[in-house]
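Beneath this line is the structure, given in structure tokens, with notes to follow.
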Amino acid sequence: MNLKEIIRVIPDFPKPGIQFIDITTLLKDGKAMQCAFDQLAAMVQHLEIDLLVGPEARGFLVGAPLAYKLGTGFVPVRKSGKLPGEVIEASYQLEYGQDTLQIHKDAITPGTKVLVVDDLLATGGTVWSTADLVRSLGGEIVGFAFLVELTFLKGRDKLGSYPVFSLLEYDSE
């Protein structure tokens, strides 16, 4: 199944010149979604993984079903003010400003092996901040996994020597 044919590309969103990769068309197609998650699970199944961690909001759409498929737990990382209880936070740069992510202080215990997941790897800022939160709690990052990678933005470079798994790659804007 050619998953790229199912994923919609929306030109000039959210601003002129951006080609938005819209995974909602893949998610609404049961066979395509099943194919994508089966393939992504196969890519990472050799890793020793205790938990998957994904940032709000599309990281939830990838992380929870992938965790189910792998038989692991899933921990959501939320934007500031969305989690009850005690949290830690990490801030990161956006194109026009800054954002903050939070995780429950008790979400990860030291030594927990964590795969960080999101729908798309662009510049890497969001998932690197997510990884910072995991490491702050003593978790061990075993890799990063994405449905889509925009290779021309070189986000993989920001993720250092960690293994990076991407189901689909887009090489140009």
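For the reader, a short list of remarks on this structure follows.
- Förster radius 41 Å - calculated FRET efficiency between residue 161 and residue 79, Cβ distance, rounded to 0.05: 0.90
- Restricting region 64-132 to trypsin sites (Lys or Arg not before Pro) in coil, as DSSP defines it, with at most 15 other Cβ within 10 Å: 82, 105
- Annotation: extensible slack from residue 1 through residue 42 equals 13.2 nm (criterion: 0.36 nm per residue apart, minus Cα-Cα distance).
- Spread of Cα-to-Cα distances over 10 Å intervals beginning at zero, given as percent, for region 1-111: 12, 33, 35, 19, 1
- Sites residue 12 and residue 50 - FRET efficiency at Förster radius 25 Å, r taken between beta-carbons, to 0.05: 0.05
- Per-residue SASA entry for residue 140, accessible area with 1.4 Å probe, Å² rounded to 10: 90 Å²
- Stretching residue 19 away from residue 136 to a fully extended chain increases their span by 38.7 nm, per 0.36 nm per residue minus the current alpha-carbon distance.
- Set of lysines near residue 154 by C-alpha distance (under 27 Å), chain-local residues within fewer than 8 positions excluded: 4, 15, 79, 113
- Accessible-area composition of the chain, carbon plus sulfur, in percent [1.4 Å probe]: 51 percent
- Solvent-accessible heavy-atom area per residue, rounded to whole Å², over the chain at 1.4 Å: 51 Å²
- Reach of residue 82 by Cα under 19 Å, taken over aspartates and glutamates that are not fewer than 8 positions away in the same chain: 56, 99, 106, 118, 132
- Amide H contacts for residue 139 (H built 1.01 Å from N in the peptide plane; partners 5 or more residues away or on another chain; cut-off under 5 Å): 111.
The values are calculated or read from the model by the stated rules, or taken from the named source; none is laboratory data. Please read these numbers as outputs of a predicted model, since none were measured by experiment. Glycine gets a Cβ as well: all are built from the backbone with ideal geometry, and neighbour counts include every protein chain shown. Ligands, DNA and RNA are stripped out before the accessible areas are found, and what is left, the full protein with its side chains, is counted by its heavy atoms. Shrake-Rupley method; radii C 1.70, N 1.55, O 1.52, S 1.80 Å.
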